[in-house]
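The values are calculated or read from the model by the stated rules, or taken from the named source; none is laboratory data. What you see is a predicted model, and the numbers here were worked out from it, not measured in a lab. Neighbour counts run over all protein chains shown; Cβ positions are idealised from the backbone, glycine included.
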Amino acid sequence: MNHASTSSTPSSRPKVLLIGSGIAGLAATLHFSEFADVILLAKSSLDEGNTRYAQGGISAVWSKNDSFEEHIKDTLVAGAGLCRESSVNACVREAPHVIESLIRWGVEFTKTEPGADETGFFGYDLHQEGGHHKRRILHMHDSTGLAIEEALVQQVRKLKNVTLLENHMAIDLIMDGKLEHKNRSRGMDLGKCIGAFVLDCKSGNIFPLSANLTVIASGGAGKAYLYTTNPDVATGDGVAMAYRAGARIANMEFMQFHPTCLFHPNAKNFLITEAIRGEGAVLRNFKGEDFMKAHHPMGSLAPRDIVARAIDLEMKRTGEPHVWLDASKITHFKEHFPQIYDFCHNLGIHPPQDFIPVVPAAHYLCGGIWVDDVGNTTVEGLAAIGEASCTGLHGANRLASNSLLEGAVFAKRIAEWAKKSLLQRQNQQSQENQREARPLPIWDFGRAVDIEEQIDIAGTWREIRTLMWNYVGIVRSDRRLKRARERLALIRHEVNEDYWKFKVNRDLIELRNLLTVSELIVECALRRKESRGLHYNVDYPHPLELELKDTLV
Ligand code: FAD
Ligand code: SIN
């Protein structure tokens, strides 16, 4: 790419910088490209991210037997009193339109057999997952994310006014001015975001990109934990960058642990979809007991926080390294779950006859960059969508399959908002005959030298992830959280030194971001003096009646 073209020279169309190419970034690109020039960054290949691995599907009221009110109710119940109702309403009510757009863009959701549609599913097969009282999950067998990712990537590649930069990583946001902000929460001057510094991961070059609007769509942060369903790119970069720029961050204590990640030495991060439990599979302990019955009336299909905690308790109580998923009642396993069937068979596990060994693992970040009802952050010129954002949809616990939906809904919302406000601003500026374009700052390497082999990035990363798993996991206590805070502070000291001493590469940037995200999780967890949704602290085992609010840093 010609980096000279990235200075802040005015053009007739607004310039939008999108950081991340999962469902949120890709859908936003498709909407923004109607009126703006878009630069889309992906720090790995375009199709790599959490979206690609989504199995269960995307929720929407799609059956005659369902209603918006019921989907709203299930979302609110899972969210344990902390959902923002405006966000829940928007996502649930806009879901059918968003599904229609995905179908128009080429996503092929699994259909019902011809003539088998007595249930009123309008031609599409619907799954059910934990916390949902109705079948409302559209899916592509058990590879829904891949189907969405591939279709949207194909659409985006056709667009002329979109520059795709794969293997390019945003390092930090570029801020201009020192605007006072009414919502600012820390003692720092906020400026307007005018773009980002970007690392070309292959050449090591760093250059600035300017934009009228920068949109963070960089996904989650599962890699802060030793065991996770997330791929390697999920290091919370967007949250960390926004935090450094002074944006408000919310509810980081609500890390969702998925109850059923495959337990096998040769399988890394492989999810066993909740939809299997929706089809009748049951969790069992080593004695073969259906232990979930004692924890919740919905048994194995209870909301995720309850199931993950019950498994954790069962494993601690029995000393066993995992529990079992018994899918033996499912007659059509191979047809419905072909990816899981093949993956397990390759490892010598033969569902549905064989029980599948499963454990909980970090899965989804419910908190993130605080945004309003269209996706704007508390910093001017900066928006956030998808898993990196905190829209209030999930509250203290996300209802299954609501996150692909949230990414697609907010991609559309922010583009609609920007179409009005950016175009209006652009027109005003051209009427005033434009101010002089200001040169962007350049990245200052200072006295940084090439990274020496003896700095152990992988070792520090492992230390953080192990610490987070052991001290800030499914069940927490103040003593353990404080211990984690102390240890992270020591690591922070070392990482800060290395960060400025060496020329940054992707590993070092990710380490710094992962550390920030871990510190934010611990800080938020210490501030919440109650147990609610995904956050369970043995020192405050009950929810507080009067303190229903977000944890803001
Ligand atoms: P992602 O899809 O994670 O994309 C993030 C993008 O940002 C990537 O392109 C990445 O390269 C890029 N990026 C990150 N940092 C930078 C940087 N610094 N610079 C440049 N680019 C960067 N949700 C559901 O609703 N239904 C499901 O069935 C479901 N199943 C799931 C199964 C698994 C195994 C996992 C891990 C998650 C699942 N989820 C599911 C959650 C859901 O997939 C994610 O929440 C959602 O896909 C997030 O989309 P996103 O666009 O926000 O981010
Ligand atoms: C799953 O398929 O179990 C994951 C669904 C989700 O995370 O929403």
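Figures for the structure shown
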read-out	value
Lone qualifier among T214, T229, T235 - being in contact with an Asp or Glu (Cβ under 6 Å, 6 or more places away or on another chain) and among the hydroxyl-bearing types (S, T, Y)	T235
Residues located in the range 368-395, provided they are within 16 Å of ligand 2 (Cβ to nearest atom) and in a loop (DSSP other than H, G, I, E, B)	T391, L393, H394, G395
Exclusive hit being closer than 28 Å to H141 by Cα, within 15 Å of ligand 2 (Cβ to nearest atom) and in contact with a strand residue (DSSP E or B) (Cβ under 8 Å, 6 or more places away or on another chain), set P259, P303, P231	P259
Hits in the range 396-424 (condition: more than 10 Å from ligand 1 (Cβ to nearest atom), among the polar types (S, T, N, Q) and either in contact with an Asp or Glu (Cβ under 9 Å, 6 or more places away or on another chain) or in a loop (DSSP other than H, G, I, E, B) (or both))	N397
Test result for S203, small (G, A, S) and buried (at least 21 other Cβ atoms within 10 Å of the Cβ)	no
Any hit, the range 496-507, residues being in contact (Cβ under 8 Å) with a residue 12 or more places away in the chain, aromatic (F, W, Y), buried (at least 18 other Cβ atoms within 10 Å of the Cβ) and outside any helix (DSSP H, G or I)	no
K268 in a loop (DSSP other than H, G, I, E, B), basic (K, R) and either modelled with pLDDT of 95 or more or out of contact with any His (no Cβ under 9 Å at 6 or more places or on another chain) (or both)	yes
Residue pairs meeting the criteria (Cβ under 9 Å; at least 6 apart or on separate chains; first at positive phi, in the range 134-154; second outside any loop (DSSP other than H, G, I, E, B) and charged (D, E, K, R))	H141/E335
P259 vs. criteria over 21 Å from G348 (Cβ atoms), touching a Ser or Thr at 6+ places or on another chain (Cβ under 9 Å) and within 16 Å of ligand 1 (Cβ to nearest atom)	yes
